[in-house]
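Trainee: Once you've had a glance at the structure underneath, I'll fire off some questions.
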Amino acid sequence: MNKLAVDGGTPVRAKENFLVFGAPLIEEPEIEAVVRCMHRRWIGTGPQAHQFEEDFKQWKGSKHAIALNSCTAALHLSLLSCGVGPGCEVITSPMTFCATVNAIIHSGARPVLADCDRRTMNILPDEIENRISAKSKAILPVHFAGRCCDMQSIMTMAQQYDLLVIEDCAHAIESQYHDRNAGCFGDIGCFSFYVTKNIITGEGGMVITDDDRFSARIKVMALHGMSKNAWRRFSDEGYKHYQVIQAGFKYNMMDMQAVIGVHQLKRVWRYWEQRQRIWKQYNDAFADLPCILPPEPEPDTRHAYHLYTPLIDIEKSGKSRDWVLRALTAENIGVGVHYIPVHLHPFYRKTFGWEKGDFPNAEWIGERTLSLPLSAGLNDKDVNDVIEAFTRVLKG
Ligand SMILES: *Cc1c(COP(=O)(O)O)cnc(C)c1O
């Protein structure tokens with residue numbers, strides 16, 4: 001067998017051909033649309049952002065969709081719009097990106113973590129129930145890697161304890177659970193179009209909700225707290241005075257971003273099929289390696305296949321996850337880690353007194369998990385290189 005690149009062997013891919021983790025697929029129609037948008041010289045929020053909202057809400061079957069400049073902004077305004085603030089607690093998973101917890105903190109509420117399942121990596125309903133207190137106001141489930149949380153149990157619990165549900169759907173654009181779309185279970189669903197996500201606008205996010213009041217509040221807060229449709233104030237309808245009715249934020253999506261989303265959304269299923277195919281190829285190729293592979297999607301659900309996250313079997317392989325990361329990087333394969341559990345980061349430890357040992361399942365995953373490239377932008381050779389490199393590294 002060839003020597004591993006980490007030990008001085010020849011890498012699976014040449015250095016100049018490093019496989020960037022999470023590189024998106026960008027096609028001619030959106031490139032042309034961005035250029036057209038620039039020639040029109042209306043690049044800020046306007047008709048294209050409106051179009052993207054219309055397309056998205058029709059696709060999701062929600063009453064409202066509001067395009068914003070990130071999912072972080074979407075989570076922040078969602079929490080504020082339904083009255084989450086100082087004195088409240090919001091329950092979420094430690095197995096998430098820091099943005100989920102930061103949005104809770106910026107709303108003024110206190111984040112409360114509930115451990116996740118080792119297999120699905122999703123928040124456990126029993127753990128949520130254990131953490132409910134008189135201050136609990138909302139549950140913020142994260143559909144990890146595109147696998148839906150146990151929404152039946154979560155929604156039942158939310159009703160029983162009178163809690164709001166805001167879904168972090170950053171991984172879950174295409175996810176379904178029992179014939180319902182992710183983001184349509186709770187009060188509000190939040191999506192991301194960040195460069196590594198399933199469809200992209202560069203930076204970008206979307207809120208969906210069926211609640212008129214939440215939607216109206218989010219629209220105002222997203223643009224400085226100005227009264228409605230302030231973006232129209234420079235249009236050909238003539239100058240319009242606006243009124244500031246609260247101290248808002250600057251969270252609007254530009255037309256230049258939205259035109260990318262309009263075209264990407266048309267290909268959402270094609271991209272999904274491509275990632276599903278790669279996900280299955282990986283699962284077949286890695287079946288005999290000393291790692292724990294992502295389980296099949298649960299019956300009557302659709303997985304969004306956002307991340308492919310094998311867990312290194314440290315005992316069987318005798319290798320640490322961090323060594324595997326180094327070895328794959330040396331093969332010129334880009335990797336990710338989703339995630340080091342939120343509670344282990346220094347800021348949260350210091351602020352909330354969280355410690356190692358608090359969420360054993362998330363920590364168990366956090367020591368073993370890595371993410372291999374999974375994007376509609378990968379060609380057959382890319383996929384074969386990933387398979388070859390991961391196999392070599394885990395066997396070698
Ligand atoms: C990417 C991500 C976010 C943040 O999305 P942005 O659009 O980058 O703000 C939030 N939650 C999760 C789980 C994510 O993966």
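The values are calculated or read from the model by the stated rules, or taken from the named source; none is laboratory data. On a predicted model such as this, the values are computed, not experimentally measured, just so you know. Glycine gets a Cβ as well: all are built from the backbone with ideal geometry, and neighbour counts include every protein chain shown. Note: areas computed on protein heavy atoms with side chains; ligands, DNA, RNA excluded. Shrake-Rupley method; radii C 1.70, N 1.55, O 1.52, S 1.80 Å.
Trainee: Are any of the residues in region 79-92 within 16 Å of the ligand (Cβ to nearest atom) and either in contact with a Cys (Cβ under 7 Å, 6 or more places away or on another chain) or not assigned by TED's automatic domain parsing to the domain that holds G146 (or both)?
Mentor: no
Trainee: Search region 293-325 for residues being surrounded by 15 or more Cβ atoms within 10 Å (Cβ to Cβ) and more than 22 Å from the chain's Cα centre (by Cα), and hand back the single one that is nearest to C148 (Cα to Cα).
Mentor: I312
Trainee: Name the residue, out of V195, V207, V142, that is in contact with an Asp or Glu (Cβ under 7 Å, 6 or more places away or on another chain), within 16 Å of the ligand (Cβ to nearest atom), of a type in the set (A, V, I, L, M, F, W, C) and within 19 Å of C71 (Cα to Cα).
Mentor: One residue alone meets the criteria, V142.
Trainee: Would you mention how many residues in region 178-229 are open to solvent by less than 40 Å² (accessible area, probe 1.4 Å), within 30 Å of P299 (Cα to Cα) and outside any loop (DSSP other than H, G, I, E, B)?
Mentor: The total comes to 11.
Trainee: Quick check: is even one residue across region 144-154 hydroxyl-bearing (S, T, Y), in contact (Cβ under 8 Å) with a residue 24 or more places away in the chain and open to solvent by less than 20 Å² (accessible area, probe 1.4 Å)?
Mentor: Checked against the condition, which is being hydroxyl-bearing (S, T, Y), in contact (Cβ under 8 Å) with a residue 24 or more places away in the chain and open to solvent by less than 20 Å² (accessible area, probe 1.4 Å), region 144-154 yields no hits at all.
Trainee: Looking at region 216-238, is at least one residue aromatic (F, W, Y) and within 16 Å of the ligand (Cβ to nearest atom)?
Mentor: no
Trainee: Regarding N17, is this residue within 15 Å of the ligand (Cβ to nearest atom), open to solvent by 30 Å² or more (accessible area, probe 1.4 Å) and modelled with pLDDT of 95 or more?
Mentor: No.
Trainee: Can you pull out the residues in region 360-372 that are open to solvent by less than 10 Å² (accessible area, probe 1.4 Å) and not β-branched (V, I, T)?
Mentor: The answer is A362, G366, L370, S371, L372.
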